[in-house]
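Structure first, then comments.
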Amino acid sequence: MKKIAFFCIPAHGHTNPMLPVAAELVGRGNTVRFYSFNEFESKIKATGAEFVSCDAFLGELTQKEEAGLKNVSATEMTIQDIRITLNMDAFLDGEFKTFKPDVVYSDSVCFWGKLNAWKHNVPLVVSTSTFAFNQMSSQYMKNSPGELADMIFGLPRISKELKTLEPYGYKVKNALSLIQSDNKTDSVVYTSERFQPYSESFSNHYAFVGPSVFSKALPNKQKERPLIYISMGTVINDRPDFYAKCIDAFKDENADVIISCGNALDISVLGELPENIKVYPYVDQLKVLSEADAFITHCGMNSVSESLYSATPMILYPQTAEQKAVARRTKEIGAGVMLTDDSVRGIHSAVIEILNNGSYAEGAEMCSKDFRSCCGTAGAAEFIENAPHESEGVDIIEKLNMLNGKIQIFYWLAAVALTVLFGLLISWKYVWIAGIVAGVLSTPITKAIQRKKYNSLVNKTR
């Protein structure tokens, strides 16, 4: 039996999938010590794991920093993760010396867990609460202009914060190396290989275990009239305007509606509710989804996974780049429609499309069967117990990286040759136009070549 240290950030979407894994490991006779935050204490203790409070290491936030975290700013989250790591350094040094974990199981963006595993030379397994993202699967991420600006202008601040880690024995090349998936780190991903974009690009260091849930109950859609469920998750859920539109859209519909709005919203602001609509701060989401016929969701990975596990098709309303990636994949498998018009009429039309077109329910049911065929929490526990793992087979990403250098060289040699040809045959006066065109086309052309090479490598390794 092993001693396993769990680490996670203070976020429901990252903590919840780790809980069934903790319970499974404890049930197998292991000792699990879970370093988390007070709001999750009762849930963690219910798994049988030891709870260690980390609230004392959360720094005081300015209003600007707090607003950045609320708006899911990648820059602000990265900086706060680094600061918490420094705040916890002495404490975790002591913990690693006394508890002496055999394995560290850390959330993918929990820097203090990952960095201390490396610092103390303890095998690390990463808990991946969304898709595993590498250079191929990250193409599913479509950042908004605001998100891009946040990342670009935040780089100097992040670089400055990263330098503060060096005197404490933490060696970090850059923030991306702390976040992005690589083919040498053991990782548990809470989805199936079929649902994971570009799953073939990930090595045997990845265990695609399916959704991590406590309930194994089968979907039950038999009832007198449809049930519509609406939730915007646990972070960006203070949306009285959106909930009001949903209420207006379905107040006269022959259907039952349940809205889960979180604690941030005073339900009274929604006014008197129609008889067919109920609003709660929180619900047992898996239970509701097991009966629901349509789910309006922000497309957090947990919510989408639980919906597909419950064979419930979705109306996809993503708010962040990560959620847009999940929404895109859900649409691709035929289990949802994008909500492109969030007016009362647009919301109503999207739900009616889901309810009246059985192909969406079929897509969700197919994914439900796929998820339930995965190894689940038992497989995740076994993978963690047996860490570290050896990689077998061809590393497609490594081979692709070697080819990428050649692709870039070839492209720019061809671009320079065509630019010179343009100058010789047409006019040197306008040769700058050819240079701009080459620059604009470089990304889509090299990505297209990269995808073709990727498909070729995948076919060769099958």
Of the candidates 244, 264, the one satisfying the condition of being out of contact with any Cys (no Cβ under 8 Å at 6 or more places or on another chain), part of a loop (DSSP other than H, G, I, E, B), farther than 24 Å from residue 358 by Cα and open to solvent by 10 Å² or more (accessible area, probe 1.4 Å) is 264
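Inspect the stretch 350-357 for any residue being open to solvent by 40 Å² or more (accessible area, probe 1.4 Å), touching a Pro at 6+ places or on another chain (Cβ under 7 Å) and not small (Gly, Ala, Ser) and give the result as yes or no.
Taking the stretch 350-357 first, the residues open to solvent by 40 Å² or more (accessible area, probe 1.4 Å) are 352-353, 355-357.
Those still in the list that are touching a Pro at 6+ places or on another chain (Cβ under 7 Å) too: 355.
Next, only the ones that are not small (Gly, Ala, Ser) stay: 355.
Looking for residues that are open to solvent by 40 Å² or more (accessible area, probe 1.4 Å), touching a Pro at 6+ places or on another chain (Cβ under 7 Å) and not small (Gly, Ala, Ser), one finds at least one in the stretch 350-357, hence yes.
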Among (1) in contact with a strand residue (DSSP E or B) (Cβ under 7 Å, 6 or more places away or on another chain); (2) in a helix (DSSP H, G or I); (3) without any contact (Cβ under 8 Å) to a residue 60 or more places away in the chain, which single condition is residue 351 missing? (3)
Looking across the stretch 142-154 at residues that are in contact (Cβ under 8 Å) with a residue 24 or more places away in the chain and assigned to a helix (DSSP H, G or I), the single one that is surrounded by the fewest Cβ atoms within 10 Å (Cβ to Cβ) is 153
Return the residues of the stretch 97-128 that are open to solvent by 20 Å² or more (accessible area, probe 1.4 Å) and part of a helix (DSSP H, G or I); say none if nothing qualifies. 97, 98, 118, 119
Would you say residue 229 is open to solvent by less than 60 Å² (accessible area, probe 1.4 Å), in contact (Cβ under 8 Å) with a residue 60 or more places away in the chain and over 18 Å from residue 300 (Cβ atoms)? no
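Take residue 269 and decide whether it is open to solvent by 20 Å² or more (accessible area, probe 1.4 Å), of a type outside the set (D, E, K, R) and touching a Pro at 6+ places or on another chain (Cβ under 7 Å).
Answer is yes for this residue.
May I ask you to say which residue of 414, 434, 448 is assigned to a helix (DSSP H, G or I), touching a Phe, Trp or Tyr at 6+ places or on another chain (Cβ under 6 Å) and more than 30 Å from residue 255 (Cα to Cα)? Working first, answer last.
Details: 414 fails: touching a Phe, Trp or Tyr at 6+ places or on another chain (Cβ under 6 Å); 448 fails: touching a Phe, Trp or Tyr at 6+ places or on another chain (Cβ under 6 Å).
Exactly one of 414, 434, 448 is assigned to a helix (DSSP H, G or I), touching a Phe, Trp or Tyr at 6+ places or on another chain (Cβ under 6 Å) and more than 30 Å from residue 255 (Cα to Cα), namely 434.
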What is the residue count in the stretch 182-198 for residues that are open to solvent by 20 Å² or more (accessible area, probe 1.4 Å) and within 24 Å of residue 331 (Cα to Cα)? 3
Within the stretch 241-264, is there a residue that is within 21 Å of residue 330 (Cα to Cα) and touching a strand residue (DSSP E or B) at 6+ places or on another chain (Cβ under 7 Å)? no
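The values are calculated or read from the model by the stated rules, or taken from the named source; none is laboratory data. If you're wondering where the values come from, they're calculated on a predicted model, not measured in any experiment. Cβ coordinates were reconstructed from backbone atoms using ideal geometry, including for glycine residues, and neighbour counts include every protein chain displayed. Heavy atoms of the whole protein, side chains included, go into the accessibility calculation; ligands, DNA and RNA do not. Shrake-Rupley method; radii C 1.70, N 1.55, O 1.52, S 1.80 Å.
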